[in-house]
Amino acid sequence: MLIGYMRVSTADDRQSVDLQRDALVAAGVDERHLHHDKASGAKDDRVGLQHCLAFLRPGDCLVVWKLDRLGRSLVHLLTIIEDLKQRGIAFRSLTEQMDTTTTPHGELLFSIFGALAQFERALTRERVIAGLAAAKRRGRRGGRPRAIDDEKLQQMIAALEAGASKASVCRSFGVARSTLSGTLGRTATPAVKEGAAR
């Protein structure tokens, strides 16, 4: 079964899906199987797209007028197409004349999309690693800022070692019990951890 998806941007009220609808219907998509959104391509939560993807079944073919109507970015587009392949669903873009139906040409397109997705993931990973290394060279550490500074932590540990309960220490210093437990779990000595567990 052919299932169509259309999208127009919210930025321009004059846009309509008529051009896309005409092209999809001419390509054989039944009007009852058309899904659409009026939303920016950058939005993650396009309701029409989610309904369309959920409606598709193995053996179906998702048809779009143009690639940029489907994905908000190359990565998003590749993710959708990889998911379609794994679910046994073909993909067709009318403007770019891409068709992944079960033909050698379709298999080649799926392979190219898969290779591009893998390449994009590798590039993203390299950029993240390079960014973390650059930040480390500048003395910056990744992750969330510490909730308890060293001076306050030493005072809290001293209070715990003196026999104060964890609950009373948390009240006195205005710190959540889970925050104290997590901090002690990462930094404190076994004796302090054991005392704090009480």
Next on the checklist: Give me the residue from region 96-122 that is open to solvent by less than 50 Å² (accessible area, probe 1.4 Å) and among the hydrophobic types (A, V, I, L, M, F, W, C) and, out of that set, farthest from Gly174 (Cα to Cα).
Outcome noted: Met98
Item to check | Hits in region 165-198 (condition: assigned to a loop (DSSP other than H, G, I, E, B) and at pLDDT 85 or above) | outcome: Ser165, Gly174, Val175, Ala176
Next on the checklist: Whether any residue in region 43-62 is hydrophobic (A, V, I, L, M, F, W, C), part of a helix (DSSP H, G or I) and over 18 Å from the mean Cα position of the chain (by Cα) is what I want to check.
Outcome noted: yes
Checklist entry - Does region 12-42 hold any residues that are within 28 Å of the chain's Cα centre (by Cα), surrounded by fewer than 18 Cβ atoms within 10 Å (Cβ to Cβ) and either at pLDDT 85 or above or hydroxyl-bearing (Ser, Thr, Tyr) (or both), and which are they? => result His33, Ser40
Item to check | Ala158 being surrounded by 11 or more Cβ atoms within 10 Å (Cβ to Cβ) and not in a helix (DSSP H, G or I) | outcome: no
Checklist entry - If Leu74 passes every condition in (1) open to solvent by less than 70 Å² (accessible area, probe 1.4 Å); (2) modelled with pLDDT under 85; (3) touching a helix residue (DSSP H, G or I) at 6+ places or on another chain (Cβ under 7 Å) but one, which one does it miss? => result (1)
Next on the checklist: Take Glu126 and tell me if it is open to solvent by 100 Å² or more (accessible area, probe 1.4 Å) and either within 30 Å of Leu56 (Cβ to Cβ) or in contact (Cβ under 8 Å) with a residue 24 or more places away in the chain (or both).
Outcome noted: no
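Yes/no matrix, rows are residues, columns are (1) at positive phi; (2) at pLDDT 80 or above; (3) not hydrophobic (A, V, I, L, M, F, W, C):
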position	(1), (2), (3)
Leu108	no, no, no
Ala117	no, no, no
Arg125	no, yes, yes
Ala133	no, yes, no
Gly143	yes, no, yes
Checklist entry - Looking only at region 84-95, which residues are of a type outside the set (A, V, I, L, M), open to solvent by less than 60 Å² (accessible area, probe 1.4 Å) and more than 20 Å from Arg21 (Cβ to Cβ)? => result Gly88
Checklist entry - Pairs, please: C-beta under 9 Å, at least 6 apart or cross-chain, first residue among the acidic types (Asp, Glu) and in region 62-76, second buried (at least 16 other Cβ atoms within 10 Å of the Cβ) and assigned to a loop (DSSP other than H, G, I, E, B)? => result Asp68/Gly41
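The values are calculated or read from the model by the stated rules, or taken from the named source; none is laboratory data. No experiment lies behind these values; they were computed from the predicted model shown. As a convention, Cβ positions derive from the backbone with ideal geometry for all residues, glycine included, and neighbour counts pool all protein chains shown. We work out accessible area using only protein heavy atoms, side chains counted, and drop any ligands, DNA or RNA first. Shrake-Rupley method; radii C 1.70, N 1.55, O 1.52, S 1.80 Å.
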